[in-house]
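Heads up: the structure comes next, in structure tokens.
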Amino acid sequence: MVKSDDDRNNINTMSALVFHGPHTLALENKPKPQIVQTTDAIVRITTTTICGTDLHILKGDVPTIAEGRILGHEGVGIIEEVGATVSAFHKGDKVIVSLITSCGRCSFCRKGMYAHCCNGGWLLGNSIDGTQAEYVRIPFAETGLYLLPPDMDEEAAVMLSCILPTGLECGALNGHVKPGDIVAIVGAGPVGIAALIAAQLYSPAEIIMIDLDDNRLDVARKFGATQVLNSSDGKAAERVLTLTHGAGVDAAIEAVGLSATFDVCQAIVAPGGHIANVGVHGKPVNLHLERLWASNVTLTTRLVDAGTTQMLLRMVQSGRIDAKKLVSHRFELSEIIKAYATFENAAKERALKVVIRNTVHPEKI
Ligand SMILES: NC(=O)c1ccc[n+]([C@@H]2O[C@H](COP(=O)([O-])OP(=O)(O)OC[C@H]3O[C@@H](n4cnc5c(N)ncnc54)[C@H](O)[C@@H]3O)[C@@H](O)[C@H]2O)c1
Ligand SMILES: [Zn+2]
Ligand SMILES: [Zn+2]
């Protein structure tokens, strides 16, 4: 059958979630991405999700995002096409998309600082179009994709794109969590819970989770928090100090991205302790060096490098990490605006990770 112009247009366009400046999103028809470099792959996204960072973008906290950008840096999908020099992956392979693009060759990549790759970094849904679409172009596909094991659940796998490596690298590892430690995590969103999962790999004695949302705190308990604190009364720091008999915590992990939550971390860190900042901050914070200068405290910041993805993948595959339990809601790509509203109103909607499925194959429309 001869295809009409409309059919042809259908094949060359796709649905995508587009950022039009703070507080403005639209689901639109956009051109399907094409191979640009021989190291690229085109992936048909089958599952994606929304990150707290996307909410920061919506608030206007991330000025690098241009108007017209397709958002999203998390996804699982099927390879549609590979560039001429991609040999590790083939059309039809099921893959996990890492949020970090890395060339593997530059000086930062050679140091394991993939997030600071001179030719990559956090590009997807930031400086290039992202995964909240039917298709995405993945530069340096051989380092930015992971083969999805045939027995791995897709919803569990999508947690490997960003939140699990973030919780581990920016939270537990930067917080130097070790056996017997007392850890506090401020923020029980998906990233805070990922930090909670990761911290437990290092056998701390206590993990105190702090949030304003009782539902998320309940989830945190199920994921292994030993204490949960609702900080709506503004007394989180006092209460942590009471719980720790005035000593404070060995690791204070900030997983929100606000001045107020960073302040809690500064107030509760014990001498010799670590403040591991994970949250994306759109505004300055006050660094209380007048209190901290003598406390032998370490403060770390980090954009996740995602160098731990392969290791975490094995833990998810073996069931050691039950990542699917993070999923609270499921939507189709056509409902992505509703998915954003649900994730934004997490307390009211009892939302944790909202998963977006792209089950309609465009050729079948
Ligand atoms: N550094 C990185 O590489 C990296 C990677 C991914 C995400 N992030 C950041 O991690 C943070 C968390 O991401 P998420 O997906 O869990 O986001 P989220 O928005 O779902 O969760 C944030 C949580 O903070 C809680 N919160 C808000 N204000 C609070 C307050 N005053 N006191 C206590 N809790 C408060 C909210 O109730 C919510 O549960 C975000 O800032 C995100 O941008 C950083
Ligand atoms: Zn993310
Ligand atoms: Zn590089």
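The values are calculated or read from the model by the stated rules, or taken from the named source; none is laboratory data. Since we're looking at a predicted model, the values are computed, not measured. Glycine also receives a Cβ, built like all others from the backbone with ideal geometry; neighbour counts cover every protein chain displayed.
Going by what's in this entry, would residue 156 be described as assigned by TED's automatic domain parsing to the domain that holds residue 48, modelled with pLDDT of 95 or more and in a helix (DSSP H, G or I)?
yes
I need the full set of residues from the range 270-325 which are touching a residue at least 12 places away in the same chain (Cβ under 8 Å), out of contact with any strand residue (DSSP E or B) (no Cβ under 8 Å at 6 or more places or on another chain) and among the polar types (S, T, N, Q), in order please.
Across the range 270-325, the qualifying residues are 286, 308, 317.
Out of 93, 61, which single residue is within 16 Å of ligand 1 (Cβ to nearest atom) and touching a residue at least 24 places away in the same chain (Cβ under 8 Å)? Walk me through how you get there before you give the answer.
Numbers: 93 fails: within 16 Å of ligand 1 (Cβ to nearest atom).
The conditions single out 61.
Given the criterion under 21 Å from residue 45 (Cα atoms), crowded, with 19+ Cβ neighbours inside 10 Å, more than 16 Å from ligand 3 (Cβ to nearest atom) and in the same structural domain as residue 52 (by TED's automatic domain parsing), identify the matching residue among 92, 125.
Result: 125 is the single residue among 92, 125 that is under 21 Å from residue 45 (Cα atoms), crowded, with 19+ Cβ neighbours inside 10 Å, more than 16 Å from ligand 3 (Cβ to nearest atom) and in the same structural domain as residue 52 (by TED's automatic domain parsing).
Is one or more of the residues making up the range 219-226 over 30 Å from residue 151 (Cβ atoms) and without any contact (Cβ under 8 Å) to a residue 12 or more places away in the chain?
no
Select the helices (runs of 4 or more DSSP H) contained entirely in the range 254-365, then report the ones holding at least 1 residues which are more than 16 Å from ligand 2 (Cβ to nearest atom), surrounded by fewer than 19 Cβ atoms within 10 Å (Cβ to Cβ) and not assigned by TED's automatic domain parsing to the domain that holds residue 100. Explain how you work it out, then say what you get.
On the way: elements: 259-268, 289-292, 309-317, 336-344, 346-349.
Once the helices (runs of 4 or more DSSP H) in the range 254-365 are filtered for at least 1 residues that are more than 16 Å from ligand 2 (Cβ to nearest atom), surrounded by fewer than 19 Cβ atoms within 10 Å (Cβ to Cβ) and not assigned by TED's automatic domain parsing to the domain that holds residue 100, what remains is 259-268, 289-292.
Counting residues that are at pLDDT below 95, which helices (runs of 4 or more DSSP H) fully inside the range 1-116 reach at least 3?
Answer list for the range 1-116: 5-12.
Could you please let me know if residue 80 is over 30 Å from residue 282 (Cα atoms) and either surrounded by fewer than 21 Cβ atoms within 10 Å (Cβ to Cβ) or of a type in the set (S, T, N, Q) (or both)? It would help to see each step written out before you state the result.
Numbers: over 30 Å from residue 282 (Cα atoms): yes; either surrounded by fewer than 21 Cβ atoms within 10 Å (Cβ to Cβ) or of a type in the set (S, T, N, Q) (or both): yes.
Answer is yes for this residue.
Output yes when any residue across the range 82-89 is more than 16 Å from ligand 2 (Cβ to nearest atom) and either closer than 25 Å to residue 60 by Cα or touching a Lys or Arg at 6+ places or on another chain (Cβ under 7 Å) (or both), and no when none is.
Among the residues of the range 82-89, at least one is more than 16 Å from ligand 2 (Cβ to nearest atom) and either closer than 25 Å to residue 60 by Cα or touching a Lys or Arg at 6+ places or on another chain (Cβ under 7 Å) (or both), which makes the answer yes.
Return the residue satisfying two criteria in turn: it lies in the range 205-216 and is buried (at least 21 other Cβ atoms within 10 Å of the Cβ) and free of Cβ contacts under 8 Å to residues at least 40 places away in the same chain, and of such residues it is farthest from residue 274 (Cα to Cα).
Ranking the qualifying residues of the range 205-216, first place goes to 211.
When you check residue 224 against the structure, is it surrounded by fewer than 19 Cβ atoms within 10 Å (Cβ to Cβ), modelled with pLDDT of 95 or more and either under 20 Å from the mean Cα position of the chain (by Cα) or within 17 Å of residue 167 (Cα to Cα) (or both), yes or no?
On the way: surrounded by fewer than 19 Cβ atoms within 10 Å (Cβ to Cβ): yes; modelled with pLDDT of 95 or more: yes; either under 20 Å from the mean Cα position of the chain (by Cα) or within 17 Å of residue 167 (Cα to Cα) (or both): yes.
Judged against the criteria, residue 224 is a match.
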